Amino acid sequence: MRLTERSVDYLIYLELLKGYASGEEIARRLGISRTAVWKQIDKMRRYLSISSKPGVGYCIISEKDPNPYAIAKASFENLEVSEVFYYKSVDSTNERARIHGKSSALFFAEQQTAGRGRMGREWKSETGGLYFSITFPSSALKEVQRFTIISGVAVARAVDGKLKWPNDVLLEDKKVCGILCELSGSFEEPVVIVGIGVNVRNKYENAASLCDYGICSINEVFARIAREFKNLKLKSWGEILEEYRKLCTTLGRKVRIYTPSGILEGIAEDVDENGALLVSGKTVLVGDCIHLRS
Ligand code: BTN
């Protein structure tokens with residue numbers, strides 16, 4: 001399903017159908033025929049339970065979770081994307097974003113069959129979780145690292161979690177969300193892909209699930225994250241970094257980092273301007289971090 005410019009119309013449907021609205025009223029608002037309204041309502045019934053009362057009109061009774069219209073609404077309002085792609089099942093939303101190659105698009109899936117994690121790992125993606133990727137315009141590799149930090153803060157705020165460097169989101173020391181930022185696009189138009197996976201109703205051993213903390217709606221978790229991205233747009237990079245430092249449980253701890261060039265152990269002292277970790281005086285830009293007991 002591809003919700004593009006026309007999605008704005010869906011948003012109007014969603015608003016209008018919060019209460020009863022007649023076919024005639026909707027047709028007038030959108031400047032289309034009543035037959036076109038009827039056809040659209042029929043399509044929306046795949047994801048929404050819509051009641052129709054003769055002489056009164058239509059009204060949304062309940063929403064499926066996740067629901068493409070709710071996702072599109074939250075994305076258009078907060079992420080300012082221009083296209084939304086919605087899949088029941090897909091290989092990987094980051095892969096779809098890479099193939100698309102353009103910025104300002106959102107890829108959302110109910111399930112992934114080849115979900116990708118950091119450092120070449122698999123990301124288990126059964127239904128019940130939240131899986132999406134957003135593409136942002138970019139000008140440098142440095143920005144990938146910055147998006148890594150920004151998205152970590154956005155999700156941590158949204159779920160009231162903490163962070164493990166670089167951007168694992170934790171609830172009571174267990175990972176609830178993973179974030180994979182990749183650079184893609186063309187030489188002329190590079191894009192940063194931010195891929196986010198959150199355990200909502202799905203449960204994995206040694207990981208946390210939001211539903212155990214009272215948040216069981218994928219629509220709601222997505223909307224919260226989208227809103228925090230918007231809120232962070234108003235902050236300077238320095239302010240975001242400061243907030244990251246406060247949320248990051250890695251700082252001050254003894255750590256072991258598996259980097260592409262070897263293993264490093266030491267004390268995590270700080271996070272620099274570019275989001276790199278300073279471990280006993282050494283700068284680590286990319287790696288897998290383990291917290292050690294001190
Ligand atoms: C990690 O290893 O912690 C990062 C996991 C990132 C998973 C998300 S789910 C949506 C997007 N699509 C992918 O294939 N991966 C990311």
Practice problem: Treat each spin label as a single point 7 Å out from the Cα along the C-beta direction, and report the Glu273 to Lys174 distance in nm. | Solution: 4.1
Quiz prompt | Prolate/oblate/rounded label for the stretch 68-247 (Cα gyration tensor, a/c 1.5) | solution = rounded
Quiz item: Within the chain, which complete DSSP H helices have Cα atoms spanning at least 24 Å along the helix axis and a mean Kyte-Doolittle hydropathy of 0.0 or higher?
Solution: 141-159
Self-check item: Ile150, Ile41 arranged by Cβ crowding within 10 Å, fewest neighbours leading
Solution: Ile41, Ile150
Quiz prompt | Helical mean residue ellipticity (222 nm; -39500 (n - 2.57) per DSSP H run of 4+; nearest 500) of the chain | solution = -9500 deg cm²/dmol
Self-check item: Global geometry of the stretch 2-63, whether rounded, prolate or oblate, following the gyration tensor of its Cα atoms and the 1.5 cut on a/c
Solution: oblate
Self-check item: Glu242 paired with Ser280, simple spin-label distance in nm, labels 7 Å along Cα-to-beta-carbon
Solution: 3.2
Quiz item: Going down the list Lys175/Lys203; Lys254/Lys282; Lys43/Lys203; Lys164/Lys246, which pairs span over 22 Å between their C-alpha atoms?
Solution: Lys43/Lys203
Practice problem: Scan the chain and report its longest stretch carrying no trypsin sites (Lys or Arg not before Pro) that are both in a DSSP loop and have at most 15 other Cβ atoms within 10 Å. | Solution: 125-202
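Read-outs throughout are calculated quantities, based only on the coordinates presented, and are distinct from any laboratory measurement. Remember, predicted model here, so these are calculated numbers, not experimental data. A quick note on method: Cβ atoms are made from the backbone with ideal geometry, for glycine too, and the neighbour counts reach across all protein chains shown.
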